[in-house]
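Reviewing the structure listed below.
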Amino acid sequence: MSRVGNLALIVVGGMLGTAARASLEAAAPAAVGQWPWTTFWINICGSLLLGMLLEVLAAGDDVGWRHSMRLGVGTGLLGGFTTYSAFSVETVGLLHAGAWASGLGYPVASVLIGIASAVVAMVVVRKLRALRTAS
């Protein structure tokens with residue numbers, strides 16, 4: 001695929017991911033000084049899905065459909081769905097509201113649980129692949 005085609009995959013995926021995130025955050029906005037559950041779960045789910053995607057794609061070379069999936073779904077869709085900017089703004093908002101425990105716990109929990117989610121997803125995909133290969 002051409003560079004323009006790759007860029008189009010990223011842009012379209014990013015627009016869809018951003019629209020999904022914005023819809024969820026509009027439906028369940030975080031209250032001032034309260035744990036931002038919507039962003040938290042968006043980022044955890046995004047980490048889980050990205051771990052699954054990358055483990056599936058790791059079964060072959062980064063060419064053809066794998067390359068397109070990595071760019072369109074990984075970089076575009078999941079990159080737009082997850083949000084470091086909102087996560088950062090919400091962390092600062094918690095600290096400014098005086099919610100120190102949440103303001104310090106939110107970024108730590110988000111990063112640690114996000115990493116754990118990605119690792120769990122990768123392990124599950126590996127085990128499923130091994131079961132499929134064994135049968």
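Read-outs: derived from the displayed coordinates by stated rules, not from any lab. Quantities reported herein were computed from a predicted structural model and do not represent experimental measurements. In this analysis, Cβ positions are derived from the backbone assuming ideal geometry, glycine residues included, and neighbour counts consider all displayed protein chains.
Points to keep in mind about this one:
- At least 24 Å along the helix axis (C-alpha) and Kyte average at least -1.0, DSSP helices within the chain: 3-27, 37-57, 100-134
- Cα-based Rg of the chain normalised by 2.2 N^0.38 Å, two decimals: 1.20
- Once both labels are positioned 7 Å from their Cα atoms along Cα-to-Cβ, the gap between residue 45 and residue 135 label points is 2.8 nm.
- Once the chain from residue 23 to residue 8 is taken as fully extended at 0.36 nm per residue, the excess over their C-alpha distance is 3.2 nm.
- Centroid-to-centroid separation of segment 17-52 and segment 58-88 [C-alpha atoms, Å]: 17 Å
- Residue separation of residue 95 and residue 59 scaled by 0.36 nm, minus their Cα-Cα distance, works out to 8.7 nm of gained length.
- Placing unit charges on the Cβ atoms only, positive for Lys and Arg and negative for Asp and Glu, gives segment 38-135 a dipole magnitude near 360 debye about its Cα centre.
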